[in-house]
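Peer 1: Dumping the structure here so I can ask a few things about it.
The values are calculated or read from the model by the stated rules, or taken from the named source; none is laboratory data. Keep in mind it's a predicted model, so treat the numbers as computed, not measured. All Cβ positions, glycine included, derive from the backbone under ideal geometry; neighbour counts span all protein chains shown.
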Amino acid sequence: MDPLASVTPEELITAILVEFENSVVRSYYTNYVKNIFRVYLYRDDFFNLRPFQDRIREEAGRALQEELNRLNRPPRGVPALPFQKKQRQKRYEPLGDWVIEFLTNDDDNAAQNRLIVQSDGLVPPEPEMGGEKTVRVGPAAPDENLSKTRRTGFAPASSSNTMVYAKLSYEDDSGAHEFDIVKDAIKVGRGGPDEWVDLKLLTSKDVSREHFQIRRDASSGKFFIKDLSKFGTSIDGHRVPPSIKTVNGIETDDHVEIPLPSKATINLADILSMRFKALKKK
């Protein structure tokens, strides 16, 4: 372990548990618990903790399950008298399997905010997951071992029964990847705590958090691309007209998009190139 790492695994798991408690949604019979925890780390801490991420996920899943079991444990106290109304105990129920995801925080003030944990309650479909390697940890009964299913990271592989419309091949700071497009619209960029993208890139800040969008027209099967970036997107050397305009400091989307050829090279801010290939229907 790098002794200079600013964030320790213990601090990280504690932050997840704090977010767990703060994000409970209380209902009449059940208290719902969010199950997805996205951990944004300053880049130095991200790489310092990278060798330990699998172990941290296991411990975080175990800690979350123990806390859930504690909350659902019957209260110990003096038995109610016959004339006293029995209080109803609400169960705490997670909205899915535990998901712990590690991401880099590339905001300008990331060095001062080295650890941010955000929770969500949606179970992401297996083939659509982007970002750094994620592990889903299934809720287990007390004293049972937690089950673990590993997902692929930046470029998720699709399941055999999923229709893949196109592929993106690229190489960023984490290596070479291939991404299957299985939705009618995806966003690509560096992402961030407030900017969720389908395909998260680990690269220079010249690439925007939301850099471009690819949309597939379901009726025709044709693809279109929209530039959302600050420093531009080009297709086979031709600049895509920007869709975002800033007037008096306010950004507006003019919804400008152009056709995307079935085979094309997409260049992001002259920093990173991606190869796009539409797949023929079988």
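Peer 1: Counting just the residues of the stretch 238-268 that are modelled with pLDDT under 95 and assigned to a loop (DSSP other than H, G, I, E, B), which one comes out surrounded by the most Cβ atoms within 10 Å (Cβ to Cβ)?
Peer 2: Just the residues of the stretch 238-268 that are modelled with pLDDT under 95, to begin with: 244-255.
Okay, now just the ones that are also assigned to a loop (DSSP other than H, G, I, E, B), so 248-249, 254-255.
Working: 248: 4, 249: 5, 254: 11, 255: 7.
Out of the qualifying residues, it is 254.
Peer 1: Can you tell me which residue within the stretch 59-97, out of those that are closer than 30 Å to residue 172 by Cβ and modelled with pLDDT of 90 or more, is surrounded by the most Cβ atoms within 10 Å (Cβ to Cβ)?
Peer 2: Here is the first cut: in the stretch 59-97, the ones closer than 30 Å to residue 172 by Cβ are 59-61, 96-97.
Next cut, modelled with pLDDT of 90 or more only: 59-61.
On the way: 59: 18, 60: 24, 61: 26.
Only one residue tops the list, namely 61.
Peer 1: A further question follows. Test residue 186 against the criterion of being crowded, with 20+ Cβ neighbours inside 10 Å, closer than 25 Å to residue 118 by Cα and not charged (D, E, K, R), and give yes or no. If you could, list the steps in order and put the result at the bottom.
Peer 2: Values: crowded, with 20+ Cβ neighbours inside 10 Å: yes; closer than 25 Å to residue 118 by Cα: yes; not charged (D, E, K, R): yes.
The answer is yes for residue 186.
Peer 1: Follow-up question, since we're still on this one. Only one residue in 44, 54 is touching a residue at least 24 places away in the same chain (Cβ under 8 Å) and surrounded by fewer than 15 Cβ atoms within 10 Å (Cβ to Cβ). Which one? Before you say what the answer is, go through the steps one by one.
Peer 2: Values: 44 fails: surrounded by fewer than 15 Cβ atoms within 10 Å (Cβ to Cβ).
From the options 44, 54, the qualifying one is 54.
Peer 1: Next question, about the same structure. Report, ordered by the first and then the second residue, all pairs with beta carbons closer than 7 Å, sequence separation of six or more or different chains, a first member in the stretch 189-218 that is in the same structural domain as residue 115 (by TED's automatic domain parsing), and a second member that is part of a loop (DSSP other than H, G, I, E, B) and at pLDDT 90 or above.
Peer 2: Cβ pairs passing all conditions: none.
Peer 1: Another question, then. Name, by its number, the condition in (1) of a type in the set (A, V, I, L, M); (2) closer than 30 Å to residue 55 by Cβ; (3) at pLDDT 70 or above that does not hold for residue 214.
Peer 2: Result: residue 214 fails condition (2) only.
Peer 1: Condition first: over 18 Å from residue 98 (Cα atoms), within 20 Å of the chain's Cα centre (by Cα) and outside any strand (DSSP E or B). Now tell me which residues in the stretch 8-47 satisfy that.
Peer 2: Result: 43, 44, 45, 46, 47.
Peer 1: While we're on this one: Can you tell me which condition residue 202 does not meet? The list is (1) in a strand (DSSP E or B); (2) within 17 Å of the chain's Cα centre (by Cα); (3) of a type in the set (A, V, I, L, M), and all the others hold.
Peer 2: Of the numbered conditions (1) in a strand (DSSP E or B); (2) within 17 Å of the chain's Cα centre (by Cα); (3) of a type in the set (A, V, I, L, M), the odd one out for residue 202 is (1).
Peer 1: Considering (1) surrounded by 14 or more Cβ atoms within 10 Å (Cβ to Cβ); (2) within 19 Å of residue 168 (Cα to Cα); (3) at pLDDT below 95, say which one residue 195 fails and leave the rest.
Peer 2: With (1) surrounded by 14 or more Cβ atoms within 10 Å (Cβ to Cβ); (2) within 19 Å of residue 168 (Cα to Cα); (3) at pLDDT below 95 applied to residue 195, the lone miss is (2).
Peer 1: For a quick check of your reading of the model, give me the residue pairs whose first member lies in the stretch 8-37 and is within 15 Å of residue 63 (Cβ to Cβ), whose second is loosely packed, with under 11 Cβ neighbours inside 10 Å and of a type in the set (A, V, I, L, M), with beta-carbon atoms closer than 9 Å and at least 6 apart or on different chains.
Peer 2: 8/1; 9/1
Peer 1: I'm trying to understand the selection: among the residues of the stretch 153-166, which are crowded, with 17+ Cβ neighbours inside 10 Å and either touching a Lys or Arg at 6+ places or on another chain (Cβ under 8 Å) or modelled with pLDDT of 90 or more (or both)?
Peer 2: If the condition is that a residue be crowded, with 17+ Cβ neighbours inside 10 Å and either touching a Lys or Arg at 6+ places or on another chain (Cβ under 8 Å) or modelled with pLDDT of 90 or more (or both), then 153, 154, 165, 166 are the ones that fit.
Peer 1: Same structure again: For the stretch 206-237, give me each residue that is within 23 Å of residue 103 (Cβ to Cβ), hydrophobic (A, V, I, L, M, F, W, C) and outside any loop (DSSP other than H, G, I, E, B).
Peer 2: Pass one, the stretch 206-237, residues within 23 Å of residue 103 (Cβ to Cβ): 206-214, 228-231, 233.
After this cut, where a residue has to be hydrophobic (A, V, I, L, M, F, W, C) as well, the list is 207, 212, 214, 228, 231.
Once the filter is applied, which keeps residues that are within 23 Å of residue 103 (Cβ to Cβ), hydrophobic (A, V, I, L, M, F, W, C) and outside any loop (DSSP other than H, G, I, E, B), the stretch 206-237 yields 212, 214.
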